[in-house]
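Notes for the one structure printed next.
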Amino acid sequence: MGNLICMAKKDGGSKGNNGSKSSRRMGVNRSQRKLLAEEELLHRQALSMALHQHQLSQRFDNGSMSRRIGSTSSRRKNLPDADALANGGKQDKVPENLENIKIKKFVLIHGEGFGAWCWYKTIAQLEEVGLVPVALDLAGSGIDTTDTNCIKTLAEYSKPLISYLENLPEDEKVILVAHSTGGACVSHALELFPEKISKAIFVCATMVSDGQRPFDVFAAELGSADRFMQESPFLIHGNGKDNPPTGFMFEKQLMKGLYFNQSPTKDIALAMVSMRPTPLGPIMEKLSLTPEKYGASRRFYVQTLDDRALSPDVQEKLVGENPPEGVFKIKGSDHCPFFSKPQSLHKILVEIAQIE
């Protein structure tokens with residue numbers, strides 16, 4: 001999927017054929033080397049940003065917490081320049097078939113433990129075709145300075161997204177893209193600002209029904225909410241052991257198996273120094289969604305078929321109980337298609353943007 005094959009015309013003589021084949025091979029090799037070099041540079045820049053973030057961010061170690069030092073910005077400002085990487089600094093021209101896309105701004109919302117950093121490949125690919133990606137850190141995520149232990153509600157967790165939508169010009173709409181539990185934040189936004197959201201794309205995300213909790217979607221893997229709150233070894237008691245847990249974070253080896261079973265090792269390394277604890281309150285909160293707002297929104301779902309965190313069966317159940325306008329499937333993708341199958345995810349996002 002996504003591979004372009006160029007067929008060269010045959011030459012009359014055998015020498016011409018051999019020369020042509022040799023020339024083509026050299027051209028392909030040079031092209032491959034260039035692509036590998038560009039990808040390596042992209043990885044190095046992303047990892048460098050993550051390591052810098054790691055030094056500045058609020059980190060948790062065995063339940064203890066140290067304060068973040070440095071930037072108070074809630075959004076990453078130094079993402080890799082996709083145009084410079086792909087075109088030697090030249091601005092890429094918008095493909096003709098994309099010029100008619102009315103809504104070009106994509107707002108990318110990460111899932112539990114992740115941050116805006118996880119979308120770096122998607123950002124580069126969308127920019128390359130002239131679209132406008134915006135990746136946000138939810139409260140207490142990425143480089144946002146909010147103390148995770150103080151985030152008790154979905155509204156607090158979603159505040160960066162809600163503030164962004166509130167400040168949009170009245171005549172502007174966006175396409176929201178949600179990953180994993182970020183689906184709850186996007187659902188919350190659809191209920192508040194249906195007029196500002198052209199489409200919502202749920203990428204192996206918690207596309208819940210009215211009265212459902214985001215955690216309920218993962219109950220098949222994690223057990224009941226009550227049992228999880230009482231017995232899980234991954235809970236964080238930021239306000240002391242005698243008080244209710246404030247968040248959770250899986251240990252690294254478990255995360256690798258759950259989230260990254262098909263992802264490149266470099267992206268796993270990036271995630272291991274960038275993941276942060278997830279506030280517990282927002283995923284345990286029941287959503288209030290109405291047919292007039294959330295129910296009338298244009299929703300699309302992207303299923304990941306080698307997903308161990310949210311199994312294909314659970315994803316199928318989600319779209320059956322709360323049918324979206326369209327369903328797309330990515331073979332060979334783990335829970336993080338932006339790492340494991342970025343090109344497939346990119347093509348789906350563009351295809352959905354083109355739907356009238």
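The values are calculated or read from the model by the stated rules, or taken from the named source; none is laboratory data. None of these values were measured; they are calculated from a predicted model. Neighbour counts are summed over all protein chains in view; Cβ atoms, including those assigned to glycine, are modelled from backbone coordinates with ideal geometry. Side chains included, ligands, DNA and RNA excluded: accessible areas come from the protein's heavy atoms. Shrake-Rupley method; radii C 1.70, N 1.55, O 1.52, S 1.80 Å.
The residues of segment 230-311 expose on average 45 square angstrom of accessible surface per residue, using a 1.4 Å probe on protein heavy atoms.
Which of the pairs LYS196/LYS256; LYS121/LYS196; LYS104/LYS256; LYS266/LYS329 have their Cα atoms more than 28 Å apart in this structure? Checking Cα-Cα distances, LYS196/LYS256; LYS104/LYS256 exceed 28 Å. Ordering of 209-216, 316-323 by packing is 209-216, 316-323, highest average first (other Cβ atoms within 10 Å, averaged per residue). Using label points projected 7 Å from each Cα along Cα→Cβ, tell me how many nm separate THR153 and THR265, to one decimal. Taking the two extended label points, one gets 4.7 nm.
Computed packing ranks the peptides 176-185, 296-305 as 176-185, 296-305, most packed first, by mean other Cβ atoms within 10 Å.
Ordering VAL186, ALA139, VAL203 by the projection of their Cα atoms onto the charge dipole of segment 130-228, which places +1 on the Cβ of Lys and Arg and -1 on the Cβ of Asp and Glu, puts VAL203 at the extreme positive end. In this label model, GLU321 and LEU168 are separated by 2.7 nm, measuring between points 7 Å along each Cα→Cβ vector.
Could you please put VAL132, VAL186 in sequence from largest to smallest accessible area, using a 1.4 Å probe? Please report the intermediate quantities before stating the final value.
Numbers: VAL132 65, VAL186 0 Å².
Largest accessible area first, the residues go VAL132, VAL186.
Can you tell me the order of 242-252, 145-155 when each peptide is scored by its average per-residue count of other Cβ atoms within 10 angstrom, highest first?
Working: 242-252: 16.1, 145-155: 18.7.
The peptides rank, most packed first, as 145-155, 242-252.
For LYS256, LYS329, LYS199, the ranking by accessible surface with the largest value first comes to LYS329, LYS256, LYS199, using a 1.4 Å probe. Extension gain for LEU98-LEU305 works out to 71.7 nm (0.36 nm per residue, less the C-alpha to C-alpha distance). Fully extending the segment from GLU195 to MET272, taken as 0.36 nm per residue of separation minus the present Cα-Cα distance, adds 24.0 nm.
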